[in-house]
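> One structure is given below, represented as structure tokens, and several questions about it will come after.
The values are calculated or read from the model by the stated rules, or taken from the named source; none is laboratory data. Being a predicted model, the structure only gives us computed values, none of them experimental. No Cβ is skipped: glycine too gets one built from the backbone with ideal geometry, and neighbour counts run over all protein chains shown. The area values use the complete protein model at the heavy-atom level, side chains included, leaving out ligands, DNA and RNA. Shrake-Rupley method; radii C 1.70, N 1.55, O 1.52, S 1.80 Å.
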Amino acid sequence: MNVLQNNEHRSICARCGGQCCRTRPGIEAPDRFLAQSDPAAALAELLIRREWVLETHYGVPYTPGVTAPDPGRIIQYPRPATVREQKTDDYDQSRADDCIYLTPTGCSLAFDSRPRMCRELVPDSCFECETPWGRREAALAWLHHQDIVQAATAALPPQEGFHP
Ligand code: SF4
Ligand code: SF4
């Protein structure tokens, strides 16, 4: 997992009330799983515990000389589940809800254990928070690791279902 400097700003985020964590949890990079001896098993464990889900990204982001645009392709990447997703198995990407790790005093995960998108989001005093590692970067990072996602999905017990 990449090491990023802790950029938490609790006073700004307390004033905001954690809007980023109350809409859709941040996506994790492949590094967390690649660091494990069995990346697919590590991902499957989080999915089976219903702590994490797979989110779908439609299309391949165009990067000149690196990737061609491919709007028909689907890329899946993992992120923590929302409260609703964990309790009801209702997976609707368009619906905002609290991340399961959000508490009244902020994220319950240590900074280094948070998804990369969460760690890279820069709190802004005007609440115009931006991240240098967003969905585009997540899609490009996971593009060549879909084998991990597919193997994790295949390892899920039938009753766990799978969010396409
Ligand atoms: S990072 Fe930005 S959106 Fe997220 S809780 Fe802090 S101020 Fe709010
Ligand atoms: S993992 Fe933590 S920082 Fe990321 S969305 Fe959830 S509560 Fe917020």
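> Any chance you could count how many residues in the range 1-33 are over 17 Å from Leu109 (Cα atoms) and open to solvent by 80 Å² or more (accessible area, probe 1.4 Å)?
Residues in the range 1-33 being over 17 Å from Leu109 (Cα atoms) and open to solvent by 80 Å² or more (accessible area, probe 1.4 Å): 1 in total.
> Please tell me if Ile48 is at pLDDT 90 or above, within 12 Å of ligand 2 (Cβ to nearest atom) and at negative phi.
no
> Could you check how many residues of the range 106-129 are away from ligand 1 (no atom under 12 Å from the Cβ) and either surrounded by fewer than 18 Cβ atoms within 10 Å (Cβ to Cβ) or closer than 12 Å to Glu8 by Cα (or both)?
As a first pass, look at the range 106-129 and keep what is away from ligand 1 (no atom under 12 Å from the Cβ): 108-113, 115-116.
From what's left, either surrounded by fewer than 18 Cβ atoms within 10 Å (Cβ to Cβ) or closer than 12 Å to Glu8 by Cα (or both): 108-113.
Qualifying residue count, the range 106-129: 6.
> Here is a further query. So, Arg95, is that one of a type in the set (Lys, Arg), within 12 Å of ligand 1 (Cβ to nearest atom) and either outside any loop (DSSP other than H, G, I, E, B) or surrounded by 12 or more Cβ atoms within 10 Å (Cβ to Cβ) (or both) or not? Give the steps one after another, and end with the answer.
Numbers: of a type in the set (Lys, Arg): yes; within 12 Å of ligand 1 (Cβ to nearest atom): no; either outside any loop (DSSP other than H, G, I, E, B) or surrounded by 12 or more Cβ atoms within 10 Å (Cβ to Cβ) (or both): yes.
It is false that Arg95 is of a type in the set (Lys, Arg), within 12 Å of ligand 1 (Cβ to nearest atom) and either outside any loop (DSSP other than H, G, I, E, B) or surrounded by 12 or more Cβ atoms within 10 Å (Cβ to Cβ) (or both).
> Additional query: Quick one: Pro64 ticks every box in (1) at pLDDT 90 or above; (2) over 19 Å from Ser108 (Cα atoms) bar one, so which box is it?
Every condition holds for Pro64 apart from (1).
> Has the range 62-82 got at least one residue that is loosely packed, with under 14 Cβ neighbours inside 10 Å, under 27 Å from Pro158 (Cβ atoms) and not basic (Lys, Arg)?
Taking every residue of the range 62-82 in turn, at least one turns out to be loosely packed, with under 14 Cβ neighbours inside 10 Å, under 27 Å from Pro158 (Cβ atoms) and not basic (Lys, Arg).
> OK, next. Considering only residues that are in a helix (DSSP H, G or I) and among the aliphatic types (A, V, I, L, M), look in the range 1-41 and name the one that is nearest to Ala141 (Cα to Cα). Don't jump to the end; show me each part of the working.
Filtering the range 1-41 for residues in a helix (DSSP H, G or I) gives 10-16, 19-22, 31-34, 39-41.
Then keep just the ones that are among the aliphatic types (A, V, I, L, M); that gives 12, 14, 34, 40-41.
Values: Ile12: 30, Ala14: 31, Leu34: 12, Ala40: 16, Ala41: 19 Å.
Once the filter is applied, the top-ranked residue is Leu34.
> Could you list, in sequence order, the residues of the range 109-144 that are assigned to a loop (DSSP other than H, G, I, E, B) and within 12 Å of the chain's Cα centre (by Cα)? Quick ask: steps written out before the conclusion?
Within the range 109-144, the subset assigned to a loop (DSSP other than H, G, I, E, B) is 109-110, 114-115, 121, 123-129, 131-134, 144.
The answer is Arg114, Pro115, Trp133, Gly134.
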